[in-house]
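The values are calculated or read from the model by the stated rules, or taken from the named source; none is laboratory data. Fair warning: this is a prediction, and the values are worked out from it, not measured in the lab. Virtual Cβ from ideal backbone geometry, glycine too; neighbours counted across all protein chains shown. Each accessible area value is taken on the protein alone, full model and side chains, heavy atoms only, with ligands, DNA and RNA left out. Shrake-Rupley method; radii C 1.70, N 1.55, O 1.52, S 1.80 Å.
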Amino acid sequence: MRTYWVGLLPWLILAASAVAQEEPTYSVAGRVTNSATGVPIRRALVQITDRSLPSSIGSRAETARTTTRATFTDDFGDFRFSGLPPGLCSVGASKPGFAADTVLSARREVKLGPSVEDVELQLSPLGAITGTVLDQDGRPVIGVRVLVFSLKADDGNLQIGSFRAWPTDDRGVYRASSLEPGSYYVKADIRAGEASMYISATMRKSPPHEGFAPVYFGGGSKYNSAKPVRLDPGATVRADFALTVLPAFKVRGSIGNYVNRRSAVFELVGADPDLLDWNSKVLLNGDTGEFEIQDVLPGAYTLRITQDQARAEVRLAVAGSDLDGVVARLSPAVDIPVLTQITDLTTSPGAKPRPVACEVSLQPLGNLLYSKVLMEGGLPFQPDRKISSVLPGAYRAAITCSGGYARYATAGSQNLLTSPVLSVQPGVSPLPIQIAVSPGGGKISGMVNEEVSSAGWMILLAPQFPQSTGPYAQRSYRRGGAGPAVFNFSNLAPGSYTLYALPEGTEVEYRNPAFLATLTGGVSVLVGDGETKEVTIGSSVR
Amino acid sequence: MKALRLLFACILPLVSLQGAATYPVAGVVIDAATGSPMPSVRMTVMTTGTSDIVSSAVTGKDGRFSFALPRGKYNLLASSQEYQQIYGLTRPSGGAGSSIITGEGQDTAHLIFRWFRPGSISGRVRDESGEPVEFARVQLVRSIMASGRRTTQFFAETMTNDLGEYRFGPIPGGEFYVAVTAEPWYVSLPFNGRNISGLDNGFSPLYYPNITDAARASVLQLKPGEEARADFTLVAVPSATVKVEFSGADNLAGTVYLTGQGIAGVGTLQRQQSFGKPVGATFSGIPPGSYVLTATATAPAGRFVAVQTIDVTGPSANCALLMRPAPKISGTVRMKEPGQRIPSGAYVTVLDETSRNGSSAPVKPDGSFQFGPGGLGRVKVSLSGSGLFASEVHVEGAEFHDGVMELAGGETVNITLVASDETGRLMGFAVRGERPAEGAIVVLASVPASGDPFRNYSFQTDSDGSFDFETVRAGEYALFAANEDVEYLNPKELARYLPTAKKITIEPHGVVTERLVLR
């Protein structure tokens, strides 16, 4: 038989001979445990993927494909695979109630030949938040949406990390489960409901109902007055609520320019809105656009209705009775032109002209549940760029430039660098956003003279003058993967800045001036156009 | 008794400051099971036949409520959070309730509102190894007497939580079937063990009380206020992967449902999945059995639908679903009498014979009506409102027999309805002894007997014992009253009452008044 293979590639001969000689087989055995308690886990799924063979070897591709075998752990958390060929394998464990096996501790690479015993795979248990929602008389409140969410900073703005709504049952009990360890806000929000549509020639009215003001666990109606729930791996934490249930009222009216039989999102925003509010329970007549918003407590509100690419905003006040006859006229979304003007094109002789570009993104203000960041869709350097389909409302305009710095950015007479909140009015064609950008700018680079246990530092650069697109954030890095943690900010508008170093992983809301005011230990730097400043900083304190 | 009657005689209309007479609507809400008063129940008064709210208040500690209302016909609604009940129910599930008639000589100051406390059905779903099954789909099907027949209807569905627990509540007492479907966790994402040999299992559907044979499923009798438990243990069996491909239009995207045979004609949803062309849909862990695939999709060309049965026997099954445009249903109504105008308030209804789901379209002044894109199946067409009925129905573009259209998809249906106003009215009072018989069931059944739901009528009498069939097709009828619900569309049940029934002839535009005596 061997002579048959002479003349072919040597590795193929080896592979064939190995098969012919009945290669020895090996086994992998081990145990799956709970990473928080060390307790073995029964009936965990263990999958082993053979990675020893290349994905294709000519005509033998079919048999050489990676294969996966699976087994369950026994009552002692033990598993065993036998009859495996030599080579590299990946062994992973998973089970409901535990974090996915993408977590490193739940997956191991093992090299077979010889057999491998005592592989320990650890699964990280998920947690739950559960509790009871009662009224002032101690009776259960049914159908409350309990919102459980985490917050994170993204590009310096607060964003929702994870979010889910859990209803209370007829005992007033809710249970939010499969939660990763972390910090959660828990909010008892208004009665379950979305805009439920009916088709009728006449308007439907629902009987009076009680309501309550949304409240966070730990008190308060706003996230920043609440006490987040700290959830350790595998923990079940109780968060009970005692609500004050009051008579509530209806807001009734009709939508102008309503498109028949299509749903709409209703937001009833209070005078001092929270980051995250569930939409109200609404009855919507799909034929006429008449609506009834339920469970409204007395107060002043802005009613915002969004249907597809159109929106209406109406201010209203609810006193001690139902409010009828509200008319909310939908206005279509608009496109906002973006014009970039590059000034001061003179470059030093012989220098290569560098590309200069700016982009604008619009971050909706208010309820994070429905916010979607809008960006201009055009390519840089295209003359007719625009931000498409902007619904009426308030946005924070963020401008990012490369190859230069924005000297000014305006929308009509509004200076977007000093007052970045852009209000898009219904039914009005918006003025273009105009950006004047100068190539070049200043540079601030340097190093952090302290070590941190985490991977590195988050460097914040806060301008000390109003006419700026900052603040900016950057992760420190190490040149060639070694040496001190360094950073490098370029294309800065000339002026005075403060530098802060925070341990990486502390994601912060650096676009919030109130947050920046809480930082101490920063270093001030003044940089001019075309100038480079080298700075060494220590860690800053929050 | 005599003292009470004297008291009634003393009740005179109260005259409000505006000068319009008002009458008391007052009484007590009691727990139907124990008779004890129910505090803090919200009472809402609505004008019968509308959703107009006249007044609302909350019962006191003694369960009492009191309104002063002008002469009229009202519905009284009691609600406690997410549960509500109309005045005059004789049992917790179903029934029309009774309106309250106010006016001279009416005793509406001593109402007894029997409140059937809501209950709950909860339980835990485990697998054969005793571990909780999360995301098991628990479906509740209710058996109910409605409009003269006993039907089973989908009631609610929920998913088990991470402890394998589910809970339905607050729900009315009644007769329920419970069905549980699930897929083993190791088959589903993110565990994704479906392609690994030995893991391609599925769970057979389970029915209350924890059995796999749907034909032997029992009714769970839920008493008012009862907290019933129904636990289930799912057993994994070798199962199939069902691949579904979709054709019929470009850029289809929608949802496909895999439904098992289920209980008493109500399919048990096994799985649902969204799909997009060309990706298709794959259901893994499907136990052997007979299923119905139902798909609805939207495409640039409109809305598309398909229904197909599929038998799953081996380890895999492939199914190609040809999506057809959703039936477009429109038409015109014309009056039988030439030159007669179509009164406003008429509407055309299409009712699915299987699911009993329907939708209505208003008839415009020019007689035209139009439905949105609809579903498939056997659909009954009718005309009602404003004293009209359809004396003739002509259907173009679909199979049509005995008032039922067969819709298979792709149809453009044009319906012509000939509207007749040859209807009359039957009204009267039912009494028990000398007292008004409130809450009696009055049945007006066509003669000869027909199972047609549009030719047989029932009415639950109001607080003064009155009944009023406003729109009755001219013809011969049998009229009787009973103290309990009657399955009058079932000829055998109806036959029990016919010997004592009154013969009634309704003439076009005629009004007949009758008095019925109950034992």
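Here are some notes:
- The range A:148-196, residues that are assigned to a strand (DSSP E or B), small (Gly, Ala, Ser) and within 10 Å of chain B (Cβ to nearest Cβ): A:176, A:177, A:178
- Boolean, residue B:336 is free of Cβ contacts under 8 Å to residues at least 12 places away in the same chain and outside the structural domain of residue B:474 (by TED's automatic domain parsing): no
- Being within 17 Å of residue A:130 (Cβ to Cβ) and either within 14 Å of chain B (Cβ to nearest Cβ) or not in a loop (DSSP other than H, G, I, E, B) (or both) is true of residue A:234.
- Identification of strands (runs of 3 or more DSSP E) wholly contained in the range A:479-542 with 2 or more residues that are at pLDDT 85 or above and open to solvent by 50 Å² or more (accessible area, probe 1.4 Å) yields A:485-492, A:523-527, A:532-537.
- Selection of the range B:257-267 for residues being modelled with pLDDT under 85 and either hydroxyl-bearing (Ser, Thr, Tyr) or open to solvent by less than 10 Å² (accessible area, probe 1.4 Å) (or both) yields only B:263.
Let's see how each residue does on (1) outside any loop (DSSP other than H, G, I, E, B); (2) more than 21 Å from residue A:25 (Cα to Cα); (3) touching a residue at least 40 places away in the same chain (Cβ under 8 Å):
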residue	(1), (2), (3)
A:69	yes, no, no
A:90	yes, no, yes
A:93	yes, yes, yes
A:117	yes, no, yes
A:132	yes, yes, yes
A:137	no, yes, no
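- Taking the criterion of being crowded, with 19+ Cβ neighbours inside 10 Å and either aromatic (Phe, Trp, Tyr) or at pLDDT below 95 (or both), the only residue of the range B:45-54 that qualifies is B:46.
- Any hit, the range B:365-379, residues being open to solvent by 60 Å² or more (accessible area, probe 1.4 Å), among the aromatic types (Phe, Trp, Tyr) and either within 14 Å of another protein chain (Cβ to nearest Cβ) or assigned to a strand (DSSP E or B) (or both): no
- In the range B:290-323, the residues that are out of contact with any Ser or Thr (no Cβ under 8 Å at 6 or more places or on another chain), open to solvent by less than 40 Å² (accessible area, probe 1.4 Å) and at pLDDT 90 or above: B:319
- Residues that are open to solvent by 40 Å² or more (accessible area, probe 1.4 Å) and closer than 18 Å to residue B:451 by Cβ, drawn from the range B:394-405: B:401, B:402
- Scanning the range A:395-422 for residues that are in contact with a Gly (Cβ under 7 Å, 6 or more places away or on another chain) and open to solvent by 10 Å² or more (accessible area, probe 1.4 Å) gives a single hit, A:405.
- Residue in the range B:23-54 that is nearest to the other protein chains (Cβ to nearest Cβ), counting only those that are of a type in the set (S, T, N, Q) and part of a strand (DSSP E or B): B:44
- Residue check for residue A:202: within 12 Å of chain B (Cβ to nearest Cβ), β-branched (Val, Ile, Thr) and crowded, with 18+ Cβ neighbours inside 10 Å: no
- Residue check for residue A:112: outside the structural domain of residue A:216 (by TED's automatic domain parsing) and either in contact with a Ser or Thr (Cβ under 8 Å, 6 or more places away or on another chain) or open to solvent by less than 30 Å² (accessible area, probe 1.4 Å) (or both): yes
- Failed criterion for residue A:111 (all others in (1) at pLDDT below 85; (2) over 25 Å from residue B:184 (Cβ atoms); (3) among the basic types (Lys, Arg) hold): (1)
- Residue match in the range A:252-260 (condition: of a type in the set (Phe, Trp, Tyr), in a loop (DSSP other than H, G, I, E, B) and at pLDDT below 90): no
- In the condition set (1) over 12 Å from residue A:187 (Cα atoms); (2) open to solvent by 40 Å² or more (accessible area, probe 1.4 Å), residue A:240 is compliant with all but (1).
- The listed residue being of a type in the set (S, T, N, Q) and either surrounded by fewer than 17 Cβ atoms within 10 Å (Cβ to Cβ) or not assigned by TED's automatic domain parsing to the domain that holds residue A:166 (or both), out of A:288, A:306: A:288
- Residue check, residue B:515 modelled with pLDDT of 95 or more and surrounded by fewer than 21 Cβ atoms within 10 Å (Cβ to Cβ): yes
- Failed item, numbered, when residue A:65 is tested on (1) over 30 Å from residue B:161 (Cα atoms); (2) away from chain B (no Cβ under 14 Å); (3) at pLDDT below 90: (2)
- In the range A:423-473, the residues that are more than 25 Å from residue A:360 (Cβ to Cβ), of a type outside the set (Asp, Glu), over 30 Å from the mean Cα position of the chain (by Cα) and surrounded by fewer than 17 Cβ atoms within 10 Å (Cβ to Cβ): A:449
- Scanning the range B:55-71 for residues being open to solvent by 40 Å² or more (accessible area, probe 1.4 Å) and more than 11 Å from chain A (Cβ to nearest Cβ) gives a total of 7.
- So residue B:82, is it open to solvent by 30 Å² or more (accessible area, probe 1.4 Å), of a type outside the set (S, T, N, Q) and in contact with a Gly (Cβ under 8 Å, 6 or more places away or on another chain): yes
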